[in-house]
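Asks: One structure, as structure tokens, below. Some questions next.
The values are calculated or read from the model by the stated rules, or taken from the named source; none is laboratory data. Bear in mind the structure is a predicted one, so any value in this text is a computation, not a measurement. Please note: Cβ atoms are built from the backbone with ideal geometry, for glycine as well, and neighbour counts cover all protein chains shown. Quick note on the areas: whole protein, heavy atoms, side chains included, nothing else; ligands and nucleic acids left out. Shrake-Rupley method; radii C 1.70, N 1.55, O 1.52, S 1.80 Å.
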Amino acid sequence: MKRITILIADDEVEIADLVALHLQKEGYHTIKAFDGKAAVQAVQTQAIDLAILDIMMPGMDGYEVTRKIREQHHLPIIFLSAKTSDMDKITGLVMGADDYMTKPFNPMELVARVNSQLRRSLQFSQSAPVQRSILEKGGLIITPDQHRVTLYGKPVELTPKEFDILYLLASHPKQVFSAENIFEQVWGEAYYESGNTVMVHIRTLRKKLGEDVNKNKFIKTIWGVGYTFND
């Protein structure tokens, strides 16, 4: 059976060592990086199953590392950061992270979150692929196999979560999805006190689709209910 490898990227050596110790007790293989560039290089040269990233690292911060990883990989990413504001957490999730923990942290909680992310990742990779068709909606073309979106022929760069939200709404035109529905289907877990995570993803998605200047909106808010796609 393949041994699961976890990347720990943190410029604080003591924290990286502590996280590695607890993960190794669970049977995981760990690789440590102490700056952003080393973290990106590790993902590009080795088979990494999950990454735990600090945000404030020298050379390249965790946000930029996440952006680089997401260009080619869909492995789970957990931010472990001293940045504790709600906006920091939302920014991390919007950038493409799957979870966010703040320092100081409980190592056992981190291990539990790692286990949860890996279970979902494993279930997704082992499940029979769902045939998702290309969607064309008023100049918008969504190609699921390539995770590619174009608007009037121009590419639209989306994070994996933004893409999944868009595809969910576009593949069910006129159906209204609450924030709870979207979270449970896109994040694959029960809705919890996640603040404005879904709302912020919708906001950035609309901006990337040019809806701040385009009156013919693709995503419509049904006040007090949720969101729907204008077919």
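Table: residues versus (1) free of Cβ contacts under 8 Å to residues at least 60 places away in the same chain; (2) part of a loop (DSSP other than H, G, I, E, B); (3) open to solvent by 40 Å² or more (accessible area, probe 1.4 Å).
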| residue | (1), (2), (3) |
| --- | --- |
| Lys37 | yes, no, yes |
| Val65 | yes, no, no |
| Lys68 | yes, no, yes |
| Ile78 | yes, no, no |
| Met101 | yes, no, no |
| Val111 | no, no, no |
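Asks: Taking the condition open to solvent by 20 Å² or more (accessible area, probe 1.4 Å), assigned to a loop (DSSP other than H, G, I, E, B) and under 17 Å from Arg113 (Cα atoms), does Gly27 pass?
Replies: When the stated conditions are applied, Gly27 passes them.
Asks: Of these, Ile90, Ile78, Ile69, which one is modelled with pLDDT under 85, under 12 Å from the mean Cα position of the chain (by Cα) and among the β-branched types (Val, Ile, Thr)?
Replies: Answer to the check: Ile90.
Asks: A further question follows. Within segment 157-173, can you find the residues that are open to solvent by less than 10 Å² (accessible area, probe 1.4 Å) and among the β-branched types (Val, Ile, Thr)?
Replies: Of everything in segment 157-173, just one residue is open to solvent by less than 10 Å² (accessible area, probe 1.4 Å) and among the β-branched types (Val, Ile, Thr), namely Ile165.
Asks: If you take just the helices (runs of 4 or more DSSP H) that sit entirely in segment 143-213, which of them hold at least 3 residues that are modelled with pLDDT of 90 or more and closer than 27 Å to Leu118 by Cβ?
Replies: 160-170
Asks: Still on this structure, please answer the following. Which residue is modelled with the highest pLDDT, if the candidates are limited to segment 214-228 and must be over 21 Å from the mean Cα position of the chain (by Cα) and β-branched (Val, Ile, Thr)?
Replies: Thr228
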